[in-house]
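K.L.:
Structure below; questions to follow.
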Amino acid sequence: MQIVVAGLDFLQIEVRRIARLPVRCCASKSALENILSVPKQEESIRQYAPLVSVNKVEQELLLVHQPDQPEKPRVLRVAIIGSPNAGKSTLSNQLLGRKIFPVSSKVHTTRCQAQGVITEGEIQIVLLDTPGLTTAAKGKRHNLEKSLLVDPWDSVKEANLVLVLVDVSDHWNRYNLSLEVLKCLSQNSHVPAVLVLNKVDLLKSKGLLLDLTIELTEGMVNGKKLKIKSKVKSLAQSTQGDCGAMEAGHLPEKEPGSRDVHAAPVCQADGQIGAQETVAESGAEPAPKQHRGNQHLKHKQGWPHFREVFMLSAVDGDEVETLKHYLLSQAQPGPWDYHSTVLTDQSPQQLCINLIREKLLEILPQEVPYSITQSTEMWEEGPSGELRILQNLTVVKKNHAKMLIGTGGQVIGKVAREAGQDLMNIFLCDVHLKLCVKVKK
Ligand SMILES: Nc1nc2c(ncn2[C@@H]2O[C@H](COP(=O)(O)OP(=O)(O)OP(=O)(O)O)[C@@H](O)[C@H]2O)c(=O)[nH]1
């Protein structure tokens with residue numbers, strides 16, 4: 001039964017080819033340099049992201065196109081893992097400079113592994129955005145495909161570096177890595193891992209970050225024991241809102257198969273550079289006892305093998321550039337995976353499905369969006385270069401269809417409007433998006 005068709009015409013926007021700008025790569029700063037407010041590098045390495053083709057065949061050709069390797073190409077494949085909602089897609093989008101991964105405040109927004117590509121100068125970073133690590137039981141609750149349980153593990157196997165994202169605003173889970181994350185790290189311990197404390201903008205006391213670092217690293221970073229002196233605490237707190245990477249000493253030796261790891265200068269508590277070990281002692285607010293006991297006990301564990309710790313806000317972009325510099329510095333000699341004009345390996349249709357799902361998750365109440373099946377009925381370029389899309393949203397229950405449509409088509413109209421806007425920003429052309437709600441017979 002077909003219920004409604006909500007259509008939208010979108011504003012004209014100027015279609016512009018954005019020139020690729022020359023870029024500069026610089027070494028990463030150490031963590032405490034940031035905490036201690038060492039002035040930021042003035043020059044930015046920001047570069048405009050390439051466009052995504054609206055044409056599936058063109059996009060597929062681009063993906064198999066021989067990469068335009070520079071003379072000395074370097075590459076780094078980065079898997080971003082963490083609990084659902086930690087901010088993996090938000091971080092990937094910030095690093096890429098364009099929104100190509102769906103983001104929502106509900107869990108399991110990302111339903112399949114997708115890649116984002118950053119090409120700067122001679123370096124290519126391939127970001128493997130993964131679904132949140134979860135268990136089979138939780139997967140059943142959210143009507144998840146089996147691939148969601150497997151994909152994140154696969155991405156780590158392919159990676160040269162793993163970023164483990166932790167949501168520091170998550171009061172219940174921030175003091176320990178989840179069992180799934182720990183399993184993934186220990187089964188892939190040959191792949192260097194970096195801890196990223198995300199959502200620092202939501203913390204009132206930045207001193208808490210030092211506590212979390214101790215807990216989540218078991219007090220060890222880069223082969224060195226972390227001790228946090230109160231001096232650092234007061235400095236860190238006096239730089240409220242100033243976050244960055246924390247680093248502990250030099251890497252003692254190269255692990256088999258690993259790359260040379262750049263060990264940036266280390267700051268002591270007094271801010272002097274060049275010491276062997278980061279010395280710091282936590283004086284920040286202690287971890288609340290209730291998060292440590294009973295059911296969380298078996299999960300209360302950190303990972304003592306992280307190479308670095310970064311503290312940032314993916315949504316504001318705060319310190320994301322610091323992380324990006326670090327990733328660029330970790331790239332190793334090797335051929336690129338993609339042509340420099342590739343931004344993602346997703347097809348334009350997949351991008352569209354993901355962005356519409358994001359809006360459904362954001363706008364609809366808890367259980368409804370997980371029950372919707374999406375299919376693209378029409379995808380064509382109009383005579384003036386506009387993109388015309390018709391997507392079917394099929395639900396099983398009639399009351400879900402009603403909620404999806406909303407009074408006078410308000411809900412479905414909002415979904416179409418917001419998704420259409422995002423699609424225009426990705427494809428840089430006019431988008432005419434129609435959404436059709438159906439109830440499965
Ligand atoms: N305040 C704040 N919110 C953030 C930050 N990073 C992400 N978020 C929000 O956190 C929610 C989840 O972000 P996502 O990027 O979808 O998280 P994810 O880890 O990809 O989620 P899954 O796909 O479920 O695994 C969204 O509402 C984001 O806007 C941050 O640094 N600060």
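Bear in mind that the values in this text are calculations on the coordinates, not laboratory data. Computed from a predicted model, the values in this text were never measured in an experiment. Glycine gets a Cβ as well: all are built from the backbone with ideal geometry, and neighbour counts include every protein chain shown.
K.L.:
Of all the Cα-Cα pairs you can form in segment 402-441, what percent are over 17 Å apart? Mind showing how you got there, number by number?
P.N.:
Values: 291 of 780 pairs.
The calculated P(r) of segment 402-441 puts 37 percent of pairs beyond 17 Å.
K.L.:
Counting only other residues whose beta carbon sits under 11 Å from that of residue 88, what net charge do I get with K and R as +1, D and E as -1? Present the calculation step by step, with values, prior to reporting the outcome.
P.N.:
Values: positive: none; negative: 129, 167.
So the surrounding residues net to -2.
K.L.:
Which listed residue (407, 382, 312) has the Cα farthest towards the positive end of the charge dipole for segment 296-441, taking +1 on Lys and Arg C-beta and -1 on Asp and Glu C-beta about the Cα centre?
P.N.:
Checking the options against the dipole of segment 296-441, the answer is 407.
K.L.:
In debye, nearest 20, what is the charge dipole magnitude of segment 313-393 about its Cα centre with +1 on Lys and Arg Cβ and -1 on Asp and Glu Cβ, if you could check?
P.N.:
Working: 4 positive and 13 negative charges, 31 e Å.
Around 140 debye, computed over segment 313-393.
K.L.:
Follow-up question, since we're still on this one. What three numbers, in Å, describe the spread of the alpha carbons of segment 302-362 along their principal axes, ordered from the longest?
P.N.:
That gives 38, 33, 23 Å along the principal axes, largest extent first.
K.L.:
Additional query: Give a residue-ordered list of calculated ³J(HN,Hα) values for segment 425-441 (Karplus: 6.51 cos²θ - 1.76 cosθ + 1.60, θ = phi - 60°; whole Hz; x for Gly, Pro).
P.N.:
Rounded to whole hertz, the list is 5, 7, 8, 6, 8, 5, 10, 10, 10, 10, 10, 10, 8, 10, 9, 5, 7.
K.L.:
Go through 371-378, 90-97 and give me the packing order, highest mean Cβ count within 10 Å leading.
P.N.:
Values: 371-378: 14.0, 90-97: 23.2.
Packing proxy ranking, top to bottom: 90-97, 371-378.
K.L.:
Restrict the search to segment 310-371; then list the GluC sites (Glu not before Pro) that DSSP places in a loop and that have at most 16 other Cβ atoms within 10 Å of their Cβ.
P.N.:
Details: sites: 319, 321, 358, 362, 367; in loops: 319, 367.
Passing sites in segment 310-371 are 367.
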